[in-house]
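So the structure is just underneath, and the comments pick up after that.
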Amino acid sequence: MKTYQRLTLFEREEISRYMAQSFSFRKIATLLNRSASTIHREIRRQRPYYYHEYRAIDAQFRAQHQMRHRRKMSKLNANVPLRNVVLERLNLRWSPEQIAKRLIILYPNDHMMRISHETIYRYLYVHPLPRLRRKLTSYLRRKHNFRRSRAWSQSRSGPIQNYISIDQRPIEANDRKIPGHWEGDLIVGARNASAIGTLVERTTRYTLIVKLAARDAASVREAFEEKFNRLPDRLKRSLTYDQGQEMADHIQFTKNTKIAVYFAHPHSPWERGTNENTNSLIRDFLPQGTDFSKVSEEALLEIQNLLNDRPRKIHQWLTPNEVFEKVLH
């Protein structure tokens with residue numbers, strides 16, 4: 001198959017000369033060994049109605065201007081190393097803004113590895129090949145507000161007993177200045193038959209994803225205790241949770257971990273906003289309808305690492321892992 005070549009200045013001068021002689025598009029195309037549609041488009045671009053006023057110099061100037069504009073719009077096409085890094089991070093579900101800001105940290109002295117998030121979006125959404133464009137835009141996070149399934153049945157048979165309200169949570173937990181205060185929740189799987197636990201540290205946004213044997217209070221308590229008991233005491237201050245029955249053993253949990261549990265008001269997910277946002281991030285990898293009993297602990301750990309290695313705007317584009325490591329030391 002012959003590769004298309006753009007019209008040259010010489011060819012445009014020939015078109016201008018032939019047009020002055022009232023040659024047809026097909027005759028000009030034959031003389032220049034071009035298709036008639038190429039000649040027709042070329043003339044209409046400059047003179048949509050007055051074909052006989054075609055001027056080669058004007059047409060060449062227009063073509064060069066458009067070419068410069070296209071090159072400016074396709075920085076990722078011109079810079080292969082930059083494009084590879086961007087596509088690699090998109091495949092890890094990083095947002096264009098996270099990628100753009102993180103490149104400054106990863107390549108502080110290489111100004112060729114710079115790009116704005118708007119340029120990345122433009123590259124994705126304006127790509128000329130529809131199939132590739134759909135593939136590229138599929139890397140972006142969906143804008144839907146995912147919410148975990150709610151089971152208003154036996155698992156929520158009654159209110160939590162002897163709980164401490166979020167209203168009594170210490171000020172240090174509210175302002176996020178001191179690490180060690182966590183938010184927790186469950187993400188429920190297909191037909192409400194399985195679930196995983198999610199725990200997010202409010203200051204660092206460090207995330208733990210917990211494999212659960214079952215959704216009952218004892219199973220959730222034991223799984224959460226196992227995760228928290230791996231942490232140093234200074235990072236185990238409080239846990240904020242909703243009023244789901246899976247946290248009915250909160251008194252025993254506090255006794256075993258020394259972590260105070262505070263309960264949000266009913267139907268108030270914004271009081272655990274960090275955790276709700278994290279759940280939506282996890283849903284990118286484990287969409288609604290997933291049977292969590294078939295998801296291995298290794299797979300959950302891989303997702304956990306991806307989230308904790310993703311740069312965050314709130315941390316000046318450092319990752320939760322990097323911020324968490326600073327806290328540990």
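Data overview
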read-out: Residues located in region 40-67, provided they are at pLDDT 75 or above, under 42 Å from the mean Cα position of the chain (by Cα) and surrounded by 13 or more Cβ atoms within 10 Å (Cβ to Cβ); value: E42
read-out: Residue within region 242-256 that is aliphatic (A, V, I, L, M) and over 28 Å from R191 (Cβ atoms) present; value: yes
read-out: Those residues of region 281-298 which are within 19 Å of the chain's Cα centre (by Cα), surrounded by 13 or more Cβ atoms within 10 Å (Cβ to Cβ) and farther than 24 Å from D175 by Cβ, in sequence order; value: I282, R283, D284, F285, L286, Q288
read-out: Candidate set: region 100-131, residues that are surrounded by 10 or more Cβ atoms within 10 Å (Cβ to Cβ) and among the polar types (S, T, N, Q); chosen: the one modelled with the lowest pLDDT; value: T119
read-out: Options I196, I187; residue that is touching a Ser or Thr at 6+ places or on another chain (Cβ under 7 Å) and either in contact (Cβ under 8 Å) with a residue 24 or more places away in the chain or assigned to a helix (DSSP H, G or I) (or both); value: I187
read-out: Flag if K236 is more than 27 Å from the chain's Cα centre (by Cα), more than 29 Å from D309 (Cβ to Cβ) and of a type in the set (K, R); value: no
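The values are calculated or read from the model by the stated rules, or taken from the named source; none is laboratory data. Given the structure is predicted, the values throughout are model-derived calculations rather than measurements. Glycine gets a Cβ as well: all are built from the backbone with ideal geometry, and neighbour counts include every protein chain shown.
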